[in-house]
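Have a look at the structure below before the remarks.
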Amino acid sequence: MSDVKNEKPLKKVCIICAKGSIEDVYATLVMGNGAVMEGIEAKLFFTFFGLDAITKKTMNKLHTSTVGNPAMRMPGGLPFPTLLGALPGVEAGVSAMMRSQMEKLDIPPVDEFLDMITAGGGEIYACKLAVDMFKLEKEDFSEHVKDIITIGEFYAMAGGEGTQIIFT
Amino acid sequence: MAEKVLGGKSVEVTDEGYLTNMADWSEEVASDLAKEYEIVLTEKHLEVLNFLREKQAAGETLTIRKVGKSGIVDIKGLYQLFPGGPLKISSKLAGIPKPTSCV
């Protein structure tokens with residue numbers, strides 16, 4: 001794959017997700033799944049609002065922000081007025097539309113995506129500090145969450161040649 | 001492009017070793033390609049390869065999710081059949097182009 005001589009292949013990625021919007025969570029999931037599909041070890045660490053992606057109640061209902069999001073467009077490409085985005089139900093509608101678009105590209109819902117990643121040997125972790133802060137318990141999380149750990153423990157997994165830490 | 005002897009005949013492959021013409025494929029070709037990955041093809045492997053060939057011929061974009069829903073093998077099983085590259089290695093052994101999907 002690598003054309004550059006003397007370049008060492010990537011062996012492990014440690015990905016940190018601290019946000020809970022559809023785009024931030026999917027960036028993490030696509031990179032994590034993409035890694036295991038290439039035979040690269042993947043460890044995913046969810047913290048702060050990123051915990052929504054691994055919390056049973058919220059994981060399949062993630063939203064994208066329709067307010068203060070300059071890249072948001074109407075279908076067809078016209079600008080999406082922020083005031084429209086603030087109306088009740090608009091964000092939910094737009095988010096549902098986004099999820100259905102992804103489904104058409106065979107991008108799975110969050111729970112199934114976690115299932116795919118762990119099937120390939122990827123590991124999912126929750127940040128202890130954030131878990132305590134949001135008063136969550138192990139039972140609140142998807143069965144795919146391997147453990148609740150500190151950032152120190154996460155760093156301890158990030159050693160070895162050919163390892164990269166990615167913050168989404 | 002390069003020529004490679006697979007299944008007892010000379011076959012054209014890309015620089016990364018994917019067959020350039022999926023019609024050149026046979027089970028013997030697949031089993032020769034599998035040797036590079038130290039995979040010994042079983043019935044299950046062949047079922048997956050044939051599934052991929054069918055979907056490719058139908059013009060569908062292939063993903064591990066699609067294979068997982070095929071009823072042949074689940075995703076965990078797919079990783080066990082083709083370690084280190086469930087879609088890439090299986091596509092190569094199926095004689096179809098390198099996958100272009102990210103999932």
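Read-outs: derived from the displayed coordinates by stated rules, not from any lab. These figures come from a predicted structure and were not determined experimentally. Glycine also receives a Cβ, built like all others from the backbone with ideal geometry; neighbour counts cover every protein chain displayed.
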Problem - Taking N as its residue count, the alpha carbon Rg of region B:2-93 over 2.2 N^0.38 Å - result: 1.03
Handout entry: Test item: B:69-77 mean partner chain Cβ contacts at 10 Å
Key = 2
Handout entry: Cα-based helix-to-principal-axis angle, B:43-57 vs chain B, degrees rounded to 10
Key = 80
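Assign unit charges at the C-beta atoms only (+1 for Lys and Arg, -1 for Asp and Glu), then state the dipole size of chain A relative to its Cα centre in Debye, rounded to the nearest 20.
Details: 16 positive and 22 negative charges, 68 e Å.
Using Cβ point charges on Lys, Arg, Asp and Glu, chain A gives about 320 debye.
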Exercise for the section: With runs of 4+ DSSP H residues as the only contributors, calculate the mean residue ellipticity of chain B at 222 nm using -39,500 (n - 2.57) per run, divided by the residue total and rounded to the nearest 500. Expected result: -11000 deg cm²/dmol
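Quick check on my link table: of A:128/B:76; B:4/B:92; A:12/A:135, which ones sit more than 20 Å apart, alpha carbon to alpha carbon?
Values: A:128/B:76 28 Å; B:4/B:92 14 Å; A:12/A:135 31 Å.
Where the Cα-Cα span goes over 20 Å, the pairs concerned are A:128/B:76; A:12/A:135.
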Exercise for the section: When you have a sec, figure out the Kirkwood radius of region A:87-161 from all distinct Cα pair distances and drop it here in Å to one decimal? Expected result: 15.0
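Within 10 Å of each Cβ in A:38-48, how many Cβ atoms from other chains are there, averaged over the peptide? Write down the numbers at each step before the final one.
Working: counts 5, 8, 1, 0, 0, 0, 0, 0, 0, 0, 0.
Counting other chains' Cβ atoms within 10 Å and averaging over A:38-48 gives 1.
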Problem - trypsin sites (Lys or Arg not before Pro) within region A:105-168: DSSP coil, no more than 10 neighbouring Cβ in 10 Å - result: A:135
Problem - Order of A:111, A:52 under a 10 Å beta carbon neighbour criterion, fewest first - result: A:111, A:52
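Can you give the Rg/Rh ratio of the protein assembly as shown, where Rg is from the C-alpha atoms and Rh is the Kirkwood radius?
Values: Rg = 21.1 Å, Rh = 20.6 Å.
Across the protein assembly as shown, the Cα-based Rg/Rh ratio is 1.03.
Once whole DSSP H runs in chain A are found, which of them have Cα atoms spread over 18 Å or more along the helix axis and a mean Kyte-Doolittle score of at least -0.5?
Numbers: long enough: A:22-37 (22 Å, 0.94); A:90-104 (21 Å, -0.21).
Going by DSSP H runs, the hits are A:22-37, A:90-104.
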Problem - Whole-Hz couplings from phi, Karplus 6.51/-1.76/1.60, listed for region B:67-84; x for Gly and Pro - result: 5, x, 9, 6, x, 7, 7, 7, 5, 4, x, 5, 5, 6, 6, 10, x, x
Exercise for the section: Starting from the Cα of residue B:69, draw a straight line to each of the aspartates and glutamates and keep only those under 12 Å, dropping any in the same chain fewer than 8 residues away. Expected result: A:106, A:112
Fill in the blank from the handout: Between residue A:63 and residues 5 or more places away or on another chain, the pairs with built amide H atoms under 5 Å apart involve A:22
Fill in the blank from the handout: Given backbone amide H placed at 1.01 Å from N, residues whose amide H is under 5 Å from that of residue A:15, ignoring those fewer than 5 places away on the same chain, are A:43, A:44, A:45, A:166
